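This report concerns only the one structure given below.
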Amino acid sequence: MGARILVAEDDAKQSKLIRAYLEREGHSVLIAPDGRLALELSRARGPDLVVLDVMLPEVDGLDVCRVLRTESVVPILMLTARSTEPDLLLGLDLGADDYLTKPYSPRELTARVRALLRRAGAERPAAGPIRVLDVEIDPDRFEVRVAGRLIGLTAKEFELLRVLAAEPGRAFTRAQLIDRAFGFEQQVQERTIDAHVMNVRRKIEAAPSHPKYVLTVPGRGYRFAEDS
């Protein structure tokens, strides 16, 4: 059950290597050597996942990510030589679902792709909207409202918030959140979860530094506030 994967990478040797590994997994691979073509192929072919290099000619990878996220919820795995926290936060904020820093192992890349595809294809529980305090999360509509106000979240931010709000009061470790919201097989740095939480708080909290909904549990992880 192969997927259609778009690889946006201007390094011909690198894209050839990625293609070989992904095709070995049974996937169909489209190659875009620049950002403009990546957007055109995404719109024309509707890939199941996008592997996106940050440094692309014509249109920068970050701009490609921003545009793709406004048009679809396709999983995006970002490849970057930038490993500083601001660069990570920017990529996640623009809608990337996961990232790999160069140099990386092709086997790790295929594992990340496999995990993202599995998560994207997993059925959400048919339990209807989740309502806690004045937050409403509707998985079917892919909508989050806080006090009636519609909030724009990325796919991973949405899934993270859904997992927390589905069990208000429960303290989740970062590892549990990775497993439930991301489904990664590989070890993921805990700061990935922290970065997503930071972005979610910035979008749904009136005072992100003093959160009302997504609370930190010292020595454990995070929990969603309970109805009083």
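Using the number of other C-beta atoms within 10 angstrom as an exposure proxy, rank Ser15, Ser209, Ser72 with the fewest first.
Arranged by neighbour count, lowest to highest, Ser15, Ser209, Ser72 become Ser209, Ser72, Ser15.
Give me the distance in nm between label points sitting 7 Å out from Cα along the Cα-to-Cβ direction at Arg82 and Val217, one decimal.
Label-label distance for Arg82 and Val217, simple model: 3.4 nm.
Compute the helix-to-body angle for 155-166: its Cα long axis versus the longest principal axis of the chain, expressed 0 to 90° and rounded to tens.
Approximately 30 degrees, to the nearest ten.
So for the chain, what percent of the C-alpha to C-alpha distances run longer than 34 Å?
Roughly 15 percent, once rounded to a whole number.
What does the extension gain come out to for Thr110 and Arg24, with contour length at 0.36 nm per residue minus their alpha carbon separation?
That pair, Thr110 and Arg24, stretches by 30.0 nm at full extension.
On C-alpha positions alone, give me the angle between the axis of helix 35-45 and the longest principal axis of the chain, in degrees, nearest 10.
80
For Tyr213, Tyr104, Tyr222, Tyr21, what's the fewest-to-most ordering of other Cβ within 10 Å of each Cβ?
Result, fewest neighbours first: Tyr104, Tyr21, Tyr213, Tyr222.
Out of the DSSP beta bridges found with both residues in the chain, what percent are antiparallel (nearest 5)?
50
Which ordering of Asp60, Asp227, Asp98 is given by a fewest-first count of other beta-carbon atoms within 10 Å?
Listing Asp60, Asp227, Asp98 from fewest to most nearby Cβ atoms yields Asp227, Asp60, Asp98.
How many Lys pairs in the chain lie less than 26 angstrom apart by Cα atoms, where the lysines are 8 or more positions apart or on different chains?
6
Pull out a ≥ b ≥ c, the square roots of the eigenvalues of the alpha-carbon gyration tensor of the stretch 4-121, then state rounded if a/c is under 1.5, prolate if not and a/b is larger than b/c, and oblate in the remaining case.
rounded
Measure nothing but the geometry: give the 0 to 90° angle between the long axis through the Cα atoms of 190-204 and the longest principal axis through the Cα atoms of the chain, rounded to 10°.
60
Each reported figure results from applying straightforward, stated rules to the coordinates on display, with no laboratory input. Only a predicted model underlies this, so the values are computations on that prediction, with no experimental measurement involved. Quick reminder, even Gly has a Cβ in these numbers, built from the backbone with ideal geometry, and neighbours come from all protein chains shown.
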